[in-house]
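Engineer: For reference, the structure I am asking about is given below.
Values quoted throughout were computed directly from the atomic coordinates according to the rules given, and no laboratory measurement underlies them. Just so it is clear, the model here is predicted, and its values are computed rather than measured. No Cβ is skipped: glycine too gets one built from the backbone with ideal geometry, and neighbour counts run over all protein chains shown.
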Amino acid sequence: MIRIAAVGDIHMGPDSQGLLRPAFETLPECADLLLLAGDLTRHGTPEEARVVAREVRDLGVPVVAVLGNHDHHDDRPDEVTAILRDAGAHVLEGQGTVVTSGGARIGVAGTKGFGGGFVGRCAGEFGEPVMKEFVRYSRRCADSLRASLEQLGEEGCDARIALTHFSPVPDTLAGEPLEIYPFLGSYLLAEAIDTAGADLAVHGHAHAGTEHGMTNGGVRVRNVAQPVIGRAFHVYHLPVHDHVTTGAAAQAAR
Amino acid sequence: MTTHGSQPPGGGEPEQNLEYRIAHLQDRLASGELGELGVRVEARGRTVLLTGTVPSAPCRDEIVRTVQEELAGVPVHSDLVVTETSSPDHAEELA
């Protein structure tokens, strides 16, 4: 069994230093790794990133993170990433990483992702340049997620997790106004997850959403935005099979 | 349609329109010091209700202060809660 701890949208600033650390220090007792699903800061400043870094340094379990839209606000995502990496976190954008725990190889593919909406109610790559770029950017994020998951499949991980900030499915947005769904996620992420295969998808971003959802391909989705889970993190127990995977690419890799 | 006096058609001065004032407030909450996009601000009759979860008590206080400043003259009810930071008491089995 793999024990996955996850939280997103912790929105840390100088006034929140130390708030999560006591709970995070219990992680070695209950989890094999900690996933951070973006919006770790309020404005994406180096000062705020250092607050997060101190919160997650030397926790005793691997920390794997993606950034969120808030972490981009100050236009310094590379600095934020570097500060978190200095603290030992794996920060992913269009990449995957493998962490090991108790002999199990856990692959995590991560991207911030982006909006665009869900099938039948989504933005199209048409019209003004800014509109086309909006959709292309979302597509690039999804394509990178698919490629990372496929790579992890070829590496024979015992479990593969898709980690994003934006949501791959509308299920976990329930509670948010319908009108803003296109700003909260994109079906392109779910399509990537279903095409490459994964055992779990974890995201944040939708503070008023709900925790549980599933892709059309049957991959479970969890919205771990801190306001949703109401805790410092949630833990998911994933059974370990022999190279547990779904999806066409995973089949091909066997 | 007949209009009376100097009142512009369409329902009064924009600065008196609560809906637009709320929209401007939300812009200020998002782009200002707070970077706050998670607070719902809704008109309830002649009052305004704040709901949502915020990361810290100082954040909550600052949001309420900003709302009261931006919506001066409008009674504001806050149901904002501060996010819970305790460890979970159980795990979910994904069998």
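Engineer: When the helices in the protein assembly as shown are scored as -39500 (n - 2.57) per DSSP H run of 4 or longer and the sum is shared across all residues, what 222 nm value do you end up with, to the nearest 500 deg cm²/dmol? Show your work: numbers first, answer last.
Structural biologist: Details: 10 runs with 103 residues, N = 349.
Calculated mean residue ellipticity at 222 nm is -8500 deg cm²/dmol.
Engineer: Okay, moving on. From Cα pairs below 8 angstrom and at least 6 apart in sequence, can you work out the relative contact order of the stretch B:14-82, rounded to a whole percent?
Structural biologist: It rounds to 32 percent for the stretch B:14-82.
Engineer: Near the amide H of B:S78, under 5 Å away, which other amide H atoms are found, from residues 5 or more places off or on another chain, if H is placed in the peptide plane?
Structural biologist: Close amide H contacts, sequence-distant or interchain: B:L50.
Engineer: Rounding to the nearest 20 debye, state how big the charge dipole of the stretch A:118-250 is about its Cα centre with +1 on each Lys and Arg Cβ and -1 on each Asp and Glu Cβ.
Structural biologist: Values: 10 positive and 16 negative charges, 53 e Å.
Result for the stretch A:118-250 is approximately 260 debye, rounded to the nearest 20.
Engineer: For the protein assembly as shown, what is the percent of antiparallel DSSP beta bridges, rounded to the nearest 5? Can you show the working numbers first?
Structural biologist: Working: 22 of 58 bridges.
Around 40 percent antiparallel, to the nearest 5.
Engineer: Here's another thing I want to ask about it. Subtract the Cα-Cα distance of A:C30 and A:E128 from 0.36 nm times their separation in residues, and report this length gain in nm to one decimal. Walk me through the intermediate numbers first.
Structural biologist: Values: separation 98, 0.36 × 98 = 35.28 nm, distance 4.96 nm.
So the chain would gain 30.3 nm between A:C30 and A:E128.
Engineer: Which residue, B:L71, B:A23, B:L49, has the largest displacement toward the positive end of the dipole of the stretch B:14-82 when charges sit on each Cβ (Lys, Arg +1; Asp, Glu -1)?
Structural biologist: So the residue furthest toward the plus end is B:L49.
Engineer: In whole Hz and in residue order, list the ³J(HN,Hα) couplings for the stretch A:200-212 that follow from phi through the Karplus curve 6.51 cos²θ - 1.76 cosθ + 1.60, θ = phi - 60°; x for Gly and Pro.
Structural biologist: 6, 10, 10, 9, x, 6, 9, 4, 9, x, 10, 6, 9
Engineer: Also, I was wondering about something else. Is there a quick way to get the dipole size of chain A? I mean about its Cα centre, with the Cβ of Lys and Arg at +1 and of Asp and Glu at -1; what is the value in debye to the nearest 20?
Structural biologist: Numbers: 21 positive and 33 negative charges, 65 e Å.
So the dipole magnitude of chain A works out to roughly 320 debye.
Engineer: Over all directions, the average projected area of the alpha-carbon convex hull for chain A comes to how many nm²? If you can, show how the numbers build up before the last one.
Structural biologist: Details: hull surface 50.4 nm².
Value for chain A: 12.6 nm².
Engineer: Give the relative contact order (percent, whole number) for the stretch A:1-115; include only Cα pairs under 8 Å separated by 6+ residues. Before the final figure, lay out each step's value.
Structural biologist: Values: 235 pairs, mean separation 27.7, N = 115.
Averaging sequence separation for qualifying contacts and normalising by length gives 24 percent for the stretch A:1-115.
Engineer: Using only the Cα atoms of the stretch A:1-145, build the gyration tensor, take square roots of its eigenvalues as a ≥ b ≥ c, and label the shape rounded, prolate or oblate: rounded if a/c is under 1.5, else prolate if a/b is larger than b/c, else oblate.
Structural biologist: Details: a/c = 2.38, a/b = 1.50, b/c = 1.59.
Taking the square roots of the gyration eigenvalues as a ≥ b ≥ c, the stretch A:1-145 is oblate.
Engineer: How high is the relative contact order of chain A, in percent, with contacts defined as C-alpha pairs under 8 Å that are six or more residues apart?
Structural biologist: Value for chain A: 21 percent.
Engineer: I've got another one for you. Rounded, prolate or oblate: which fits the stretch A:120-190 when a ≥ b ≥ c are the square roots of the eigenvalues of the alpha-carbon gyration tensor, with rounded for a/c under 1.5 and prolate only if a/b beats b/c?
Structural biologist: Working: a/c = 3.51, a/b = 1.47, b/c = 2.39.
The shape class here is oblate.
Engineer: Select from the stretch A:1-109 those trypsin sites (Lys or Arg not before Pro) which occupy a DSSP coil region and have at most 10 other Cβ atoms within 10 Å, ordered by residue number. Write out the running numbers ahead of the final one.
Structural biologist: On the way: sites: A:R3, A:R42, A:R50, A:R54, A:R57, A:R85, A:R105; in loops: A:R42, A:R57.
Hits after loop and neighbour filter: nothing returned.
Engineer: Compute, for the stretch A:2-117, the length of the dipole vector about the Cα centre, with Cβ point charges of +1 (Lys, Arg) and -1 (Asp, Glu) only. Units Debye, rounded to 20. It would help to have the intermediate numbers written out before the result.
Structural biologist: On the way: 10 positive and 17 negative charges, 73 e Å.
For the stretch A:2-117, the charge dipole is close to 340 debye.
Engineer: From the phi angles alone, apply the Karplus equation (6.51, -1.76, 1.60; θ = phi - 60°) to the stretch A:22-29 and give each ³J(HN,Hα) in whole Hz, x where the residue is Gly or Pro.
Structural biologist: x, 5, 4, 5, 8, 4, x, 7
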